[in-house]
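Single-structure report; data block below.
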2 protein chains.
Amino acid sequence: MAKLTSRAEDYSKWYNELVVKANLAENSGVRGCMVIKPYGYAIWEKIQAELDKRFKETGHQNAYFPIFVPRSYFEAEEKNAEGFAKECAVVTHYRLKNDESTPGKLMVDPEAKLEEELIVRPTSEAIIWSTYKNWIQSYRDLPILINQWANVVRWEMRTRLFLRTTEFLWQEGHTAHATKEEAISESRQMLDVYTEVVENHMAIPVVRGCKTPSERFAGAEETYTIEAMMQDGKALQAGTSHFLGQNFAKAFDVKFTTNEGKQDYVWATSWGVSTRLMGALIMTHSDDYGLVLPPKIAPIQVVIVPIFRSEEQLIQVSEVANRIKNELHSIGISVKFDDDEKTKPGWKFAEYELKGVPVRIAIGPKDLENNQVEIARRDTLEKSTIPMDGISSYVENLLVDIQENLFTKANEYRDSHITEVTSYEEFKELIETKGGFFSALWDGTEETEEAIKNETKATIRCIPLDYETPTEGVDFYSGKPAKFRVLYAKAY
Amino acid sequence: MAKLTSRAEDYSKWYNELVVKANLAENSGVRGCMVIKPYGYAIWEKIQAELDKRFKETGHQNAYFPIFVPRSYFEAEEKNAEGFAKECAVVTHYRLKNDESTPGKLMVDPEAKLEEELIVRPTSEAIIWSTYKNWIQSYRDLPILINQWANVVRWEMRTRLFLRTTEFLWQEGHTAHATKEEAISESRQMLDVYTEVVENHMAIPVVRGCKTPSERFAGAEETYTIEAMMQDGKALQAGTSHFLGQNFAKAFDVKFTTNEGKQDYVWATSWGVSTRLMGALIMTHSDDYGLVLPPKIAPIQVVIVPIFRSEEQLIQVSEVANRIKNELHSIGISVKFDDDEKTKPGWKFAEYELKGVPVRIAIGPKDLENNQVEIARRDTLEKSTIPMDGISSYVENLLVDIQENLFTKANEYRDSHITEVTSYEEFKELIETKGGFFSALWDGTEETEEAIKNETKATIRCIPLDYETPTEGVDFYSGKPAKFRVLYAKAY
């Protein structure tokens, strides 16, 4: 197996190679669309399960809405339409026919042209609010708390596996409320849910904040975001939750009778995370040997590799390996015993390192004699010899330890790469040399935001929720009085 | 709540009303596409979970392939292309632009025309086999056992909720094998998995068989099917599993090195069930009061309805109801305690009958005095008074009983509606008066099959696996020597 390009050499190349070599995903023959391979999909399923559980615990139900959005629905909310019109896949016909000029070839049947084009959903607000209109008459019909697991299509010009693909998988929550306060509280609650899963299960520390008006979701009044820092110092928007105000209710004329008998437009939220999280996961923890997975979302948490020189040794080792496997299974740990005889232990070690399996147990004849096993942890690559007795509680604790260590390490890296700056010159230099997030005062104008973006490629990632609104000080670029303390970074 | 149209009055109308009133699904504003509402989706999730578990137990892994199939891929397997070309959604453009003639309107941007059209997948053999080509070199790479949960689009002209919709949800398994025998065995195994879930969880008895050549999946060498009988005597194809031979391997040039070092084309299967199963479920068990759900796939297995005339009574009843709820929860039964004060018990009774909740427990002040509850089972609508003590084991057994009863009832109905016929005249009369499945000898020709279909609208549903191949006798239509014993029926 050829080694990965190292991160120091070329971070971007390392990422691309890792995604393919660890069997997470690959480019398909369809422009910008990826194939999510079984190992990658298994990780996604783990992430899905954690999210889905929490959506349901917070009162949401899953449902499914059509993949197609008729053009006229799409046009209804102007900003949303404007935001997505430039990058959408459009269905114009519903039939192919034989191309008479070329045997075996098909062509669009001009007689099967749609009267109204259908957009393959880039997001579902339009189709969902056209449906909610029929579901909502009175405050008794509210709130509506619905989530959808779906595929969406955005015609991106430059794509990268998981990070930016023409088609991607995501969940999109769409809720309807009687009051503004309730809708805002819902959008904040879902940001909490995302934070919980991303930090405590994926071990990715995030900064929680509001997007600036120019970076908001098209059609939102407020976009909350969780921003993660990758190993190269760049930011990755890991999830967003939008307070949509009454924009979609107005666009689709969704009114309700309040409990005082008045008519009002319904308040809305939407929130989503996508397979982009896979990119965040990879670029937060992995190293030059391959993927590093937090135990809580690793499809295989422990791999057992037998060391043997004869069939007899394999039988003896297998007996013990299977016993350990069953013991670990019984306490809810997922274990693979790889007794494939066609590949050597060294090859297997490299393979499971590449795949990020958190714990590797190696057992050979000598270990049997000494009633011990060799345990290697993927996060630190440390090996130790551990007595066979009490092995399952040892592994159980080790998995907890690895989970914590990954978060701590990522958090320390992140914190050490948040730099407070007051000088724009310093900022321009440091963003090239050190990278990371830069805390700075902002005058609140789009002009400043835009100018800095053009000069440095850094954007305001968010106005962090736990930053105090400045009462004094000036914007480091414009010199105007500061309105917010924000985080700047280059971003994926 | 207005009553449902009765089944006797208009079966088709009853079905449509039930799907909407029980909050399972509704038509969307997009032609032929449905919205699957939370209650319907929750049932689908239960079915999905049972299937997914068994797919994994039989060694399959989930993955995800692009929704778009480039036209040239689609053309590669000729029969498959021919089968789906007439009903596919075609993406021709990747951008909309402002319609200068009408402010606020958008139009397809003629400058954003795709060089090659993309088909929204009607099924994924083409896109998947174009991918497998790169995954398979040697027999060591086989088998590939992959499943995908996805949406697909087939441009159906006449649509009905769940039964036939332009977009539907399904799973599609796609496997690759080194030998013909292994591929056939895989396709048979998956038919077994479908049978198990459909019969033992959905309580729908099925006939297992082979499709005739003219009814095979486009591109298959053999299509195995499970056929269920609806209450109106019509058949519903509930799932299919295809042995694809080497057709797709040849179309996409997927060869492998055998363990003898030779080159051979790979053998394939594909298999799928869809949201159509929801239609089968509804039309197998439900009655004039609404949905009837088998306990194993009911999102709510037990509903507790409090009877009260005062706040104090509600408090007393609630205490007991919550105790029962927790008890049932602790043994894995899903319970809803509906203590909504705005609706009356009678309304709730009707509502949960409509929604098919298998068991209803009513508790009032008198029940508290007598240390008893009233239990109603949805399948038979019988009510009984049951002592409070031992209530959870009573309910646990009752759920098992209901599950069995539903299957038995459906099975008896089905068996009493399979008629063996030797006279074509008798068949023509009975299929109109009695309906159901008709066992008859067939000469094996498409001419006979086609003629009968044209005259009676009945098709050969399958050649049942457990019917013996006839050694004598003649086709009841053509009088030619019989080759198979088959089942005829009108079908959804």
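Listed by position, the strands (runs of 3 or more DSSP E) contained in the range A:246-307 that have at least 2 residues being of a type outside the set (Val, Ile, Thr) and surrounded by 22 or more Cβ atoms within 10 Å (Cβ to Cβ) are A:267-274.
Note on the range B:88-104: residues that are at pLDDT below 95 and at the interface with another protein chain (Cβ under 7 Å from one of its Cβ atoms) total 1. Residues that are under 24 Å from A:ARG154 (Cα atoms), of a type in the set (D, E, K, R) and within 14 Å of the chain's Cα centre (by Cα) within the range A:6-51 comprise just one, A:GLU45. None of B:ARG208, B:ARG154 is within 12 Å of another protein chain (Cβ to nearest Cβ) and of a type in the set (D, E, K, R) except B:ARG154.
Residues in the range A:143-153 include at least one that is of a type in the set (A, V, I, L, M, F, W, C), modelled with pLDDT of 95 or more, touching a His at 6+ places or on another chain (Cβ under 7 Å) and under 21 Å from A:THR223 (Cβ atoms). If the condition is being of a type in the set (A, V, I, L, M, F, W, C), at the interface with another protein chain (Cβ under 7 Å from one of its Cβ atoms) and assigned to a strand (DSSP E or B), then the range A:19-75 contributes A:VAL35, A:ILE36, A:PHE68. For B:THR223, indicate whether it is in a strand (DSSP E or B) and free of Cβ contacts under 8 Å to residues at least 60 places away in the same chain. Answer is yes for this residue. Selection within the range A:105-115: residues that are charged (D, E, K, R) and within 9 Å of chain B (Cβ to nearest Cβ). The member of this set that is nearest to B:ARG71 (Cα to Cα) is A:LYS105.
If the condition is being outside any strand (DSSP E or B), of a type outside the set (A, V, I, L, M, F, W, C), farther than 30 Å from B:SER439 by Cα and more than 24 Å from the chain's Cα centre (by Cα), then the range B:381-422 contributes B:GLU382, B:ASP389, B:GLY390, B:SER392, B:SER393, B:TYR394, B:GLU396, B:ASN397.
Residue by residue, here is whether (1) β-branched (Val, Ile, Thr); (2) surrounded by fewer than 22 Cβ atoms within 10 Å (Cβ to Cβ); (3) not assigned by the TED database to the domain that holds B:ALA176 holds:
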| residue | (1), (2), (3) |
| --- | --- |
| B:LYS97 | no, yes, yes |
| B:GLU100 | no, yes, yes |
| B:PRO103 | no, yes, yes |
| B:MET107 | no, yes, yes |
| B:GLU111 | no, yes, yes |
| B:GLU125 | no, no, no |
| B:ILE128 | yes, no, no |
| B:GLN137 | no, yes, no |
| B:ASP141 | no, yes, no |
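For the range A:126-139, a tally of residues being more than 20 Å from B:ARG31 (Cα to Cα), touching a Ser or Thr at 6+ places or on another chain (Cβ under 9 Å) and either not polar (S, T, N, Q) or not in a loop (DSSP other than H, G, I, E, B) (or both) returns 2. Considering the conditions (1) assigned to a loop (DSSP other than H, G, I, E, B); (2) at the interface with another protein chain (Cβ under 8 Å from one of its Cβ atoms), B:THR123 is excluded by exactly one of them, (2). When every residue of the range B:352-366 is checked against the conditions, at least one turns out to be of a type outside the set (A, V, I, L, M, F, W, C), closer than 20 Å to B:VAL19 by Cα and part of a helix (DSSP H, G or I). B:ALA183 falls short of the stated requirement of being more than 17 Å from B:ALA491 (Cβ to Cβ) and within 14 Å of chain A (Cβ to nearest Cβ). Entry remark, the range A:192-205: residues being surrounded by fewer than 24 Cβ atoms within 10 Å (Cβ to Cβ) and not in a helix (DSSP H, G or I) number 2 in total.
The values are calculated or read from the model by the stated rules, or taken from the named source; none is laboratory data. Because the structure is a prediction, the values reported are computed rather than measured. No Cβ is skipped: glycine too gets one built from the backbone with ideal geometry, and neighbour counts run over all protein chains shown.
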